[in-house]
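What follows is a set of notes on a single structure, which appears directly below.
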Amino acid sequence: MAVSPGQSVTLTLQMCVTGFTGPDKVAGYDYALTSLNDPFGNFFIQSRTIPLFSALTPFSEPQTEDAVATTRPGANLNPTNDKDLGATTKNGFVNAVADGTYTLQTLAIGLEPAIGSGTYNFTTSRNLVGTPGFIWTDERGNEFTVQTGSQFAITVAGVQPTPTPTPTPAATPTPTPIPTPTATIPPLPTPPMPTPTPIASVPDAGSTMLLFWVALCGLGLLRRKLCHPY
């Protein structure tokens with residue numbers, strides 16, 4: 001059985017009767033509960049329920065009332081509780097039983113919150129000082145001791161810390177590229193062509209060639225001023 005500190009474990013006790021012949025029968029039982037690993041009362045009887053009388057639950061009369069058996073500190077397993085947890089059949093020994101399997105009672109074992117993790121063992125005891133075993137009573141009221149106790153174990157799990165969720169990082173915004181402006185260079189204006197001044201009289205061939213040279217030279221000076229202004 002596994003449990004966490006501060007919680008409880010529920011278990012049901014049964015008795016298996018075999019090998020009885022003739023008038024031999026079982027009319028009751030007695031036991032206490034002992035912690036074998038922890039004598040400090042970190043375990044305790046939190047509740048105890050004995051079922052009503054029936055053919056399968058004949059031991060309906062408790063030796064100690066439930067409210068008393070579960071009152072602390074008497075209910076502490078330090079290492080043994082201090083009350084008889086047994087019961088008898090209804091109406092004395094009249095309803096004693098022979099062979100069969102019978103449900104005895106249901107126990108809830110509580111745990112202190114500060115108990116350490118690990119596996120803890122328990123046994124039924126035939127007295128209040130923790131001697132393993134139990135006692136049964138026959139149809140005439142005679143008591144018999146069983147030297148071996150019925151044992152069980154409880155595993156206490158360590159408290160696991162609640163993991164802290166890792167925050168999801170916010171998405172890094174992708175910068176929008178800024179377009180690089182492209183410089184637009186306006187076209188250069190076409191310089192006006194000089195209009196030659198008509199000459200009223202036609203000079204000789206040497207003068208004509210001089211006039212044309214002057215016109216072409218003026219056009220060259222104009223282009224240099226547009227491309228390389230001063």
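The values are calculated or read from the model by the stated rules, or taken from the named source; none is laboratory data. These figures come from a predicted structure and were not determined experimentally. With ideal geometry, Cβ positions are generated from the backbone for all residues, glycine too; neighbour counts draw on all protein chains shown. Areas reflect the complete protein model, heavy atoms only, side chains present, ligands, DNA and RNA absent. Shrake-Rupley method; radii C 1.70, N 1.55, O 1.52, S 1.80 Å.
Can you run down the residue pairs with Cβ atoms below 6 Å, 6 or more apart or on separate chains, where the first is in segment 122-135 and part of a loop (DSSP other than H, G, I, E, B) and the partner is open to solvent by 10 Å² or more (accessible area, probe 1.4 Å) and of a type outside the set (V, I, T)? Listed by first residue and then by second, the contacts come to R126/F134; L128/D82; G130/P79; G133/R126; G133/Q147; G133/G149.
Let's see how each residue does on (1) of a type in the set (S, T, Y); (2) without any contact (Cβ under 8 Å) to a residue 60 or more places away in the chain; (3) farther than 22 Å from I154 by Cβ; (4) touching a Pro at 6+ places or on another chain (Cβ under 6 Å):
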position	(1), (2), (3), (4)
G22	no, yes, yes, no
D30	no, no, yes, no
F43	no, no, no, no
Q46	no, no, no, no
P51	no, yes, yes, no
S60	yes, yes, yes, no
E65	no, yes, yes, no
L85	no, yes, no, no
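When we screen A2, A67 for residues that are out of contact with any Leu (no Cβ under 9 Å at 6 or more places or on another chain), modelled with pLDDT of 95 or more and open to solvent by 40 Å² or more (accessible area, probe 1.4 Å), the only hit is A67. Could you tell me whether segment 127-148 includes any residue that is within 17 Å of Q14 (Cβ to Cβ), surrounded by 14 or more Cβ atoms within 10 Å (Cβ to Cβ) and polar (S, T, N, Q)? No, there is no match, as no residue in segment 127-148 is within 17 Å of Q14 (Cβ to Cβ), surrounded by 14 or more Cβ atoms within 10 Å (Cβ to Cβ) and polar (S, T, N, Q).
For segment 105-150, residues that are within 18 Å of G28 (Cβ to Cβ), more than 36 Å from the chain's Cα centre (by Cα) and not aromatic (F, W, Y) total 16. Here is a check on your reading of the model: is A55 under 22 Å from F122 (Cβ atoms) and exposed (fewer than 13 other Cβ atoms within 10 Å of the Cβ)? No.
Scanning segment 86-109 for residues that are assigned to a loop (DSSP other than H, G, I, E, B), polar (S, T, N, Q) and open to solvent by less than 10 Å² (accessible area, probe 1.4 Å) yields one hit, T89.
Is one or more of the residues making up segment 66-78 of a type in the set (V, I, T) and in a strand (DSSP E or B)?
The initial filter retains those residues of segment 66-78 that are of a type in the set (V, I, T), namely 68, 70-71.
Subset that is in a strand (DSSP E or B): none.
Checked against the condition, which is being of a type in the set (V, I, T) and in a strand (DSSP E or B), segment 66-78 yields no hits at all.
Y29 meets each of the listed conditions (1) farther than 25 Å from S117 by Cα; (2) outside any loop (DSSP other than H, G, I, E, B); (3) open to solvent by 50 Å² or more (accessible area, probe 1.4 Å) apart from (3).
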